[in-house]
Amino acid sequence: MTTYWTTIHSPVGELLLTSDDSALTRLLFSPFTLDPTWSTERSAVLDETVTQLAAYFAGERTDFDLPLAPAGTPFQLRVWEALREIAYATTINYGQLALRVGNVKASRAVGLANGRNPISIVVPCHRVIGANGSLTGYGGGLDRKRTLLDLERRTAGVIDPADDQLTLL
């Protein structure tokens, strides 16, 4: 199976997109490593992903309609699917996410799965925050997490007082 790739510049830095040409398989923040066996040929999935990401960053899109094929364990796949159900411009905590995947005691495991999400932004792991409302842990870095949440709140017209409660730890 051929892996296709491209990179794009965004408000959160350079992003790597990969596809098997039927679905998006990765969306990673820089720095990243390119595999020399991957193809730079055009891919309809990557073209559509670039279009939808541009609209998202412009504040014109609040959800993504892309075929996804992340590689992970059955538990990780359940967590990543639950992440896609978190409404735009809102946040939940790890305990709430654990409840959504059917095991309220699995907060730590949910956090680990969240951290291994291979399709950032489209699978919105940035919308998961600490139980006390603080910004905690994000594979792309907390500055990127804040940028994404701020972008969504501005687009949705959410008033700023809630922002004051989100602090970087």
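Only one of D47, D65 is acidic (D, E), out of contact with any helix residue (DSSP H, G or I) (no Cβ under 9 Å at 6 or more places or on another chain) and at pLDDT 95 or above; which?
On the way: D65 fails: out of contact with any helix residue (DSSP H, G or I) (no Cβ under 9 Å at 6 or more places or on another chain).
That would be D47, the only listed residue that is acidic (D, E), out of contact with any helix residue (DSSP H, G or I) (no Cβ under 9 Å at 6 or more places or on another chain) and at pLDDT 95 or above.
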Open item on the list: Quick check on T7: is it of a type in the set (S, T, N, Q) and part of a helix (DSSP H, G or I)?
Closed with: no
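Answer yes or no as to whether V110 is part of a helix (DSSP H, G or I), crowded, with 19+ Cβ neighbours inside 10 Å and either in contact with a Phe, Trp or Tyr (Cβ under 6 Å, 6 or more places away or on another chain) or modelled with pLDDT under 95 (or both). First the steps, then the outcome.
Details: part of a helix (DSSP H, G or I): yes; crowded, with 19+ Cβ neighbours inside 10 Å: yes; either in contact with a Phe, Trp or Tyr (Cβ under 6 Å, 6 or more places away or on another chain) or modelled with pLDDT under 95 (or both): yes.
Criteria met by V110.
Is it the case that V122 is β-branched (V, I, T) and either touching a helix residue (DSSP H, G or I) at 6+ places or on another chain (Cβ under 6 Å) or modelled with pLDDT of 95 or more (or both)?
Details: β-branched (V, I, T): yes; either touching a helix residue (DSSP H, G or I) at 6+ places or on another chain (Cβ under 6 Å) or modelled with pLDDT of 95 or more (or both): yes.
Considered against the rule, which asks whether it is β-branched (V, I, T) and either touching a helix residue (DSSP H, G or I) at 6+ places or on another chain (Cβ under 6 Å) or modelled with pLDDT of 95 or more (or both), V122 comes out as yes.
For segment 107-117, does any single residue satisfy the condition of being in contact (Cβ under 8 Å) with a residue 60 or more places away in the chain, out of contact with any His (no Cβ under 6 Å at 6 or more places or on another chain) and closer than 26 Å to D150 by Cα? Before the answer, list the steps.
Just the residues of segment 107-117 that are in contact (Cβ under 8 Å) with a residue 60 or more places away in the chain, to begin with: none.
The answer is no, given that none of the residues of segment 107-117 is in contact (Cβ under 8 Å) with a residue 60 or more places away in the chain, out of contact with any His (no Cβ under 6 Å at 6 or more places or on another chain) and closer than 26 Å to D150 by Cα.
Quick one: which of R144, R127, R153, R116 is of a type in the set (K, R), at pLDDT 85 or above, in contact with a Gly (Cβ under 8 Å, 6 or more places away or on another chain) and within 22 Å of R61 (Cβ to Cβ)? Before the answer, list the steps.
Working: R127 fails: in contact with a Gly (Cβ under 8 Å, 6 or more places away or on another chain); R153 fails: in contact with a Gly (Cβ under 8 Å, 6 or more places away or on another chain); R116 fails: within 22 Å of R61 (Cβ to Cβ).
Going through R144, R127, R153, R116 in turn, just one is of a type in the set (K, R), at pLDDT 85 or above, in contact with a Gly (Cβ under 8 Å, 6 or more places away or on another chain) and within 22 Å of R61 (Cβ to Cβ): R144.
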- [ ] Determine which single condition L97 fails, assuming it passes every other condition in (1) within 15 Å of the chain's Cα centre (by Cα); (2) surrounded by 15 or more Cβ atoms within 10 Å (Cβ to Cβ); (3) not assigned by TED's automatic domain parsing to the domain that holds G130.
- [x] (3)
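Looking at V50, is it within 26 Å of R153 (Cβ to Cβ), outside any helix (DSSP H, G or I) and either in contact with a strand residue (DSSP E or B) (Cβ under 8 Å, 6 or more places away or on another chain) or not assigned by TED's automatic domain parsing to the domain that holds P118 (or both)?
Numbers: within 26 Å of R153 (Cβ to Cβ): yes; outside any helix (DSSP H, G or I): no; either in contact with a strand residue (DSSP E or B) (Cβ under 8 Å, 6 or more places away or on another chain) or not assigned by TED's automatic domain parsing to the domain that holds P118 (or both): yes.
So V50 does not fit the description; no.
The values are calculated or read from the model by the stated rules, or taken from the named source; none is laboratory data. Please read all numbers here as calculations on a predicted model, not as lab measurements. All Cβ positions, glycine included, derive from the backbone under ideal geometry; neighbour counts span all protein chains shown.
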